[in-house]
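Here the structure is laid out as structure tokens; the discussion comes afterwards.
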Amino acid sequence: MKRGSGGTFRERFDSFFEITFRGSTVSREVRGGLVTFMTMAYIVILNPLILGGVADVAGGSLDGVKVAAVTGLTAGVMTILFGLVANLPFGIAAGLGINSFLAVSVVGQVTWAEAMGLVVINGVIIVILSATKLRELIFKAVPAQLKIAITVGIGLFIAFIGLVDAGFVRSSGAASPPVQLGDGGSITTIPTLTFILGLLIMGVLMARKVKGALLIGILGTTVIAIILEAIFKLGPSFADGKPNPAGWNLNVPRLPDAIVSVPDFGLVGAFNFDAFARIGWLAGIMLVFTLVFTNFFDAVGTLTGLTKEAGLADKEGNFPRLKSALVVEGIGAVAGGATSSSSNTIYIDSAAGVGEGARTGLASVVTGILFLCAMFLTPLTQVVPLEVAGAALVVVGVLMVSQIKDVNWSEFSIGLPVFLTIVVMPLTYSIANGIGVGFISWVVVRTLAGKAKGISPLLWIVAAGFLVYFARGPIELLFGG
């Protein structure tokens with residue numbers, strides 16, 4: 001049946017999103033979209049903390065309240081668009097890797113408006129690559145075994161993010177070991193105990209195949225967190241600029257004083273292309289190159305993992321409307337720069353909604369609408385602590401890592417690149433790094449093992465590009481002085 005065809009509105013609606021065809025239901029999609037939003041909503045709070053208040057080369061900074069508004073606006077519009085066009089159950093929002101890169105490395109050289117102009121250029125390049133099918137060709141050139149590795153690596157990555165967000169894993173402050181269990185090797189805080197409780201609740205519900213397991217777990221654990229905060233008055237992990245190891249990470253679970261706030265969209269359109277005049281063309285090109293590589297392969301990797309987890313990808317890892325998904329994701333990068341919310345990309349946190357059963361773009365529409373509502377209901381997005389969201393991410397990580405069973409470990413020329421892809425993602429906190437190391441090791445090891453015939457020429461080109469990407473620091477010093 002043609003998409004959107006049918007007699008009644010209900011039939012056309014079902015056909016448009018292919019709900020029945022993909023073995024889903026409207027209630028499951030709505031539930032999945034809600035869960036995805038609840039695991040992504042932190043970006044409305046976190047993005048202003050990363051971008052807001054950081055002085056650029058001219059001493060200017062972005063207002064945190066305005067950043068929160070455009071973060072919700074862009075995420076809402078792009079996620080709805082993605083659901084309608086690509087018909088996939090994934091949320092789009094400001095990418096954490098790129099916003100951190102902008103705040104830490106870019107605005108020390110250019111202004112915020114100029115930095116966002118570079119993000120727009122990055123997005124235009126991504127759209128062109130996607131529209132011309134080059135991005136799709138690269139995607140299809142990736143061997144199926146590496147696509148499995150990407151899925152597993154993302155699973156470990158998001159589980160690690162959940163463990164760190166919850167304080168279950170913390171920095172040791174020493175060179176070795178770099179991380180440790182809790183505080184000094186012990187679980188000593190109520191927020192981390194709440195994470196453990198939430199993880200157990202969600203785990204048991206999942207094991208018993210309870211419908212809405214993740215959503216029930218998130219809501220139930222949040223209620224428990226609110227009660228604990230009311231009793232113990234723990235507060236945030238940082239208070240008055242000082243660390244509070246016993247506090248909640250980012251969001252304090254308490255009922256807000258106000259529910260509605262009016263968004264300020266003053267940052268929409270606050271970008272320009274003057275960066276090249278300020279820092280020179282070579283330095284500007286290298287910054288754009290870094291943005292494109294990070295954006296390009298983070299999205300490709302995330303799409304690979306999520307579509308496979310949702311059962312929407314074939315044996316080769318390809319899925320319906322690949323080109324549409326990549327084009328819309330590229331538009332998200334342009335929109336993020338144009339609104340000063342940073343490049344918007346597909347979120348691995350969407351795996352929570354997939355784990356809840358979401359299979360179509362209807363879930364994305366629900367998530368997007370909630371993001372638009374979040375612009376006005378910012379106080380409510382602060383109720384769910386990261387410790388609770390972290391528990392959901394760990395559960396979903398387990399589901400994604402389970403696909404490691406499909407890896408051909410008997411062939412070492414496959415096993416080594418797959419292993420490196422998997423472990424580099426969580427250990428370097430970057431999907432793009434894991435993909436790059438995997439690509440490079442795949443073409444080198446497989447070629448020297450006498451198996452070069454099966455390697456796509458595009459994979460060689462991309463691997464060479466990653467070599468430049470990993471060496472961009474020395475290259476900038478060599479040619480840029």
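Kindly indicate which of Thr221, Thr188 is among the β-branched types (Val, Ile, Thr), in contact with a Leu (Cβ under 8 Å, 6 or more places away or on another chain) and in contact (Cβ under 8 Å) with a residue 12 or more places away in the chain.
Sole residue among the options that is among the β-branched types (Val, Ile, Thr), in contact with a Leu (Cβ under 8 Å, 6 or more places away or on another chain) and in contact (Cβ under 8 Å) with a residue 12 or more places away in the chain: Thr221.
Being under 26 Å from Ala299 (Cα atoms) and part of a loop (DSSP other than H, G, I, E, B) is the filter here; which residues of segment 60-89 pass it?
Asn87, Leu88, Pro89
Give just the number: which of (1) modelled with pLDDT under 90; (2) within 27 Å of Gly32 (Cβ to Cβ) does Val292 not satisfy?
Of everything listed in (1) modelled with pLDDT under 90; (2) within 27 Å of Gly32 (Cβ to Cβ), Val292 misses just condition (2).
Identify the single condition in (1) part of a loop (DSSP other than H, G, I, E, B); (2) open to solvent by less than 60 Å² (accessible area, probe 1.4 Å); (3) touching a helix residue (DSSP H, G or I) at 6+ places or on another chain (Cβ under 8 Å); (4) not aromatic (Phe, Trp, Tyr) that Val57 does not satisfy, given that it satisfies every other one.
So the condition that Val57 fails would be (2).
Mind listing just one residue for me: the one in segment 400-435 that is of a type in the set (Gly, Ala, Ser) and touching a Phe, Trp or Tyr at 6+ places or on another chain (Cβ under 7 Å) and, of those, farthest from Lys451 (Cα to Cα)?
Step by step, filter segment 400-435, then rank; the result is Ala432.
What are the pairs, 6+ residues apart or on separate chains, where a residue within segment 362-384 that is over 16 Å from Gly33 (Cα atoms) and aromatic (Phe, Trp, Tyr) has its Cβ under 6 Å from a residue that is modelled with pLDDT under 95 and open to solvent by 50 Å² or more (accessible area, probe 1.4 Å)?
Within 6 Å, the pairs are Phe376/Val260.
Kindly evaluate Ile331 against the criterion of being in contact with a strand residue (DSSP E or B) (Cβ under 8 Å, 6 or more places away or on another chain), in contact (Cβ under 8 Å) with a residue 40 or more places away in the chain and not aromatic (Phe, Trp, Tyr).
no
Could you list, in sequence order, all residues of segment 7-25 that are within 25 Å of the chain's Cα centre (by Cα) and in a helix (DSSP H, G or I)?
Phe17
Looking only at segment 324-351, how many residues end up being in a helix (DSSP H, G or I), over 18 Å from Val292 (Cβ atoms) and small (Gly, Ala, Ser)? Walk me through it before giving the result.
Here is the first cut: in segment 324-351, the residues in a helix (DSSP H, G or I) are 324-338, 348-351.
Right, trim to over 18 Å from Val292 (Cβ atoms) and you get 324, 348-351.
Still in the running and small (Gly, Ala, Ser): 324, 350-351.
Final tally of qualifying residues: 3.
Among (1) closer than 15 Å to Val398 by Cβ; (2) surrounded by 14 or more Cβ atoms within 10 Å (Cβ to Cβ), which single condition is Ala207 missing?
It fails just one condition, (2).
Checking the condition open to solvent by less than 30 Å² (accessible area, probe 1.4 Å), closer than 22 Å to Gly353 by Cα and of a type in the set (Phe, Trp, Tyr), which residue from Phe21, Phe37, Phe13 passes?
Phe37
For the subset of segment 129-141 comprising residues that are touching a residue at least 24 places away in the same chain (Cβ under 8 Å), hydrophobic (A, V, I, L, M, F, W, C) and open to solvent by 10 Å² or more (accessible area, probe 1.4 Å), which member is farthest from Ile440 (Cα to Cα)? Working first, answer last.
We begin by selecting, within segment 129-141, every residue touching a residue at least 24 places away in the same chain (Cβ under 8 Å); these are 129-131, 133, 135-141.
Filter once more, keeping what is hydrophobic (A, V, I, L, M, F, W, C): 129, 131, 137-139, 141.
After this cut, where a residue has to be open to solvent by 10 Å² or more (accessible area, probe 1.4 Å) as well, the list is 129, 131, 137-138, 141.
On the way: Leu129: 21, Ala131: 26, Leu137: 18, Ile138: 14, Ala141: 14 Å.
Taking the candidates together, the pick is Ala131.
Identify all residues within segment 352-377 that are in a helix (DSSP H, G or I) and open to solvent by 10 Å² or more (accessible area, probe 1.4 Å); write none if there are none.
Correct list: Gly355, Leu362, Val365, Val366, Ile369, Leu370, Leu372, Cys373, Met375, Phe376.
Here's the yes/no breakdown for (1) assigned to a loop (DSSP other than H, G, I, E, B); (2) of a type in the set (Phe, Trp, Tyr); (3) more than 26 Å from Val67 (Cβ to Cβ):
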position: Leu219; (1), (2), (3): no, no, yes
position: Thr222; (1), (2), (3): no, no, no
position: Arg278; (1), (2), (3): no, no, no
position: Val292; (1), (2), (3): no, no, no
position: Asn295; (1), (2), (3): no, no, no
position: Gly317; (1), (2), (3): yes, no, yes
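Considering (1) touching a residue at least 40 places away in the same chain (Cβ under 8 Å); (2) open to solvent by 30 Å² or more (accessible area, probe 1.4 Å); (3) within 30 Å of Ile224 (Cα to Cα), say which one Gly167 fails and leave the rest.
With (1) touching a residue at least 40 places away in the same chain (Cβ under 8 Å); (2) open to solvent by 30 Å² or more (accessible area, probe 1.4 Å); (3) within 30 Å of Ile224 (Cα to Cα) applied to Gly167, the lone miss is (2).
Listed here are the residues, each with its yes/no results for (1) assigned to a helix (DSSP H, G or I); (2) in contact with a strand residue (DSSP E or B) (Cβ under 8 Å, 6 or more places away or on another chain); (3) modelled with pLDDT under 90.
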{"residue": "Ile158", "(1), (2), (3)": "yes, no, yes"}
{"residue": "Gly162", "(1), (2), (3)": "yes, no, yes"}
{"residue": "Gly167", "(1), (2), (3)": "no, yes, no"}
{"residue": "Arg170", "(1), (2), (3)": "no, yes, no"}
{"residue": "Gly173", "(1), (2), (3)": "no, no, yes"}
{"residue": "Leu193", "(1), (2), (3)": "yes, no, no"}
{"residue": "Ile196", "(1), (2), (3)": "yes, no, no"}
{"residue": "Leu199", "(1), (2), (3)": "yes, no, no"}
{"residue": "Leu205", "(1), (2), (3)": "yes, no, no"}
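I want to confirm something. Restricting to segment 227-256 and keeping residues that are β-branched (Val, Ile, Thr) and at pLDDT 95 or above, which single residue is least open to solvent (accessible area, probe 1.4 Å)?
Going through segment 227-256, the residues β-branched (Val, Ile, Thr) turn out to be 227, 231, 252.
Filter once more, so that each one left must be at pLDDT 95 or above: 227, 231.
Details: Ile227: 92, Ile231: 109 Å².
The residue in question is Ile227.
Under 8 Å between Cβ atoms, at least 6 apart or on separate chains: pull out the pairs that start in segment 297-320 with a residue that is open to solvent by 30 Å² or more (accessible area, probe 1.4 Å) and end on any residue that is outside any helix (DSSP H, G or I) and among the small types (Gly, Ala, Ser).
Asp298/Gly95; Asp298/Ser430; Lys308/Gly317
Find the residue count for segment 430-461, including only residues that are touching a helix residue (DSSP H, G or I) at 6+ places or on another chain (Cβ under 6 Å) and in a helix (DSSP H, G or I).
Residues flagged as touching a helix residue (DSSP H, G or I) at 6+ places or on another chain (Cβ under 6 Å) and in a helix (DSSP H, G or I) within segment 430-461 amount to 18.
Taking Val388, is it more than 23 Å from Thr307 (Cα to Cα), out of contact with any Leu (no Cβ under 7 Å at 6 or more places or on another chain), open to solvent by less than 50 Å² (accessible area, probe 1.4 Å) and not in a helix (DSSP H, G or I)?
So Val388 does not fit the description; no.
Please go through segment 420-433 and pick out each residue that is in contact (Cβ under 8 Å) with a residue 24 or more places away in the chain and either within 17 Å of Ala141 (Cα to Cα) or more than 15 Å from the chain's Cα centre (by Cα) (or both).
Passing the criteria: Thr421, Ile422, Val423, Val424, Ala432.
The values are calculated or read from the model by the stated rules, or taken from the named source; none is laboratory data. Nothing here was measured: the structure is a model prediction, and the numbers come from that model. Methodologically, a virtual Cβ is constructed for each residue, glycine included, from the backbone with ideal geometry; neighbour enumeration extends over all protein chains shown. Areas reflect the complete protein model, heavy atoms only, side chains present, ligands, DNA and RNA absent. Shrake-Rupley method; radii C 1.70, N 1.55, O 1.52, S 1.80 Å.
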